[in-house]
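All remarks here apply to the structure that follows.
The values are calculated or read from the model by the stated rules, or taken from the named source; none is laboratory data. On a predicted model such as this, the values are computed, not experimentally measured, just so you know. Cβ: placed from backbone, ideal geometry, glycine included. Neighbour counts: every protein chain shown.
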Amino acid sequence: MAADARPDLLWAPLAWLPEGWRENVLLRVGADGRWAEVTADVVLAPAGAHALAGPLLPGVVDAHSHAFQRAFAGAAERRDAASDDFWSWRERMYAVALRIGPEQLRAIAAQLYIELLRGGYTHVCEFHYLRRERDGSDYADPLAMSWALADAAAEAGIGLTILPVLYERAGFADAGLRDEQRRFRASAAETVEAAQRIRAAGRPLVDAGLAIHSLRAASAESIAALRAHAESFAGPIHIHVAEQALWRAARIEPVAPWYVAADPKQPFIAQVRARGAYALVERGAWAALGGAPLAVVVEGDPQLAESVHAMRSFRVSHPAGKIFLAWIAGGRGRAAVAAQHGARPR
Ligand SMILES: [Zn+2]
């Protein structure tokens, strides 16, 4: 940048704007950190503008983050036992979640947000359930953990939407949470109040929405209560869906005794066999479990399809990783992924 360049004025030979690629684009940054002006067809970069070398893309939004999990990224993605799966990963996640306080969260989140910025993300949405004290009681300010996230975002310079999460039970058949989930407990009223307080604080580049953990972790009554409380709240509502969308589409509420969530501590196949049950399982997991003795009853329905993401790690870009990424994004890789799901490649 030339010595007389204005840091708030940029000029790009090519930029992706809402209408598509445009040439010779002048951009001015406002005092609030947002774009104050974006003008295409400014053929010559004005004096003082910082002329960029290459094409310019909009910032990417990370729509689903749990910042505290950055603390053990790389430490849990391995198999220690034949029965390791999502639920055993979650046990490790809980071990970390039970130890982090607001100061640690602030430091961990600031590191993550800087990494996100370096990767091209300019906004992050926090699916925020790590809210209470380690013993499950409220912090003196019940939003201490939310403010830790907001401080981290301000320090890093990233936009933040905090999504307080309605979270009240361990599973469909449970009245409450398990002991190791005590920090996550939040009723509909508490969830809405948190979102309203975060928004009312009016911190720059910080907004709030509402989240429901999942249909498994919140009762129909509480979701209805959240909706009622949220009548006056004009923000986004966010929920983990995956298989729950199927139940909704089928207009069936999965409830005991005919519906049973698998016990994460027991071998999955043995549970299905012991109950003589049908199981809803991802094909990769089914194959990893050895397939037999479970026979496939139905697969390949588009509603069962899952999208596959290959993501570049923030710090590692091994040559083999690059080769794999090129392959999986190509025609043969896509066909292989589609075959995994029992669907024909498109
Ligand atoms: Zn999540």
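What to note about this one:
- Of the residues making up segment 184-207, those that are in a helix (DSSP H, G or I) and under 18 Å from Ser222 (Cβ atoms) number 10.
- Among the criteria (1) away from the ligand (no atom under 16 Å from the Cβ); (2) under 21 Å from Pro102 (Cα atoms), the one Leu149 does not fulfil is (1).
- For segment 36-68, the set of residues classified as away from the ligand (no atom under 16 Å from the Cβ) and of a type in the set (D, E, K, R) consists of Glu37, Asp41, listed by residue number.
- Test: Arg70 is closer than 30 Å to Ala107 by Cα and modelled with pLDDT under 90: no
- When we screen Ile108, Ile158, Ile162 for residues that are in contact with a strand residue (DSSP E or B) (Cβ under 8 Å, 6 or more places away or on another chain), in the same structural domain as His66 (by TED's automatic domain parsing), farther than 26 Å from Ser222 by Cβ and touching a residue at least 12 places away in the same chain (Cβ under 8 Å), the only hit is Ile158.
- Selected residue (only one of Leu210, Leu177 is in the same structural domain as His123 (by TED's automatic domain parsing), closer than 30 Å to Ala256 by Cβ and touching a Ser or Thr at 6+ places or on another chain (Cβ under 8 Å)): Leu210
Quick grid of which residues meet (1) within 17 Å of the chain's Cα centre (by Cα); (2) farther than 17 Å from Leu226 by Cα; (3) surrounded by fewer than 16 Cβ atoms within 10 Å (Cβ to Cβ):
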| site | (1), (2), (3) |
| --- | --- |
| Gly157 | no, yes, yes |
| Glu168 | no, no, no |
| Phe172 | no, yes, no |
| Asp179 | no, yes, yes |
| Phe184 | yes, no, no |
| Thr191 | no, no, no |
| Gly202 | no, yes, yes |
| Leu205 | no, yes, no |
| Gly209 | yes, no, no |
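- Some residue of segment 143-157 being more than 28 Å from Arg34 (Cα to Cα) and modelled with pLDDT under 95: no
- Scanning segment 124-144 for residues that are within 16 Å of the ligand (Cβ to nearest atom) and not in a loop (DSSP other than H, G, I, E, B), we see that the one that is farthest from Arg183 (Cα to Cα) is Val124.
- Scanning segment 37-48 finds one or more residues that are free of Cβ contacts under 8 Å to residues at least 24 places away in the same chain, closer than 26 Å to Leu205 by Cβ and charged (D, E, K, R).
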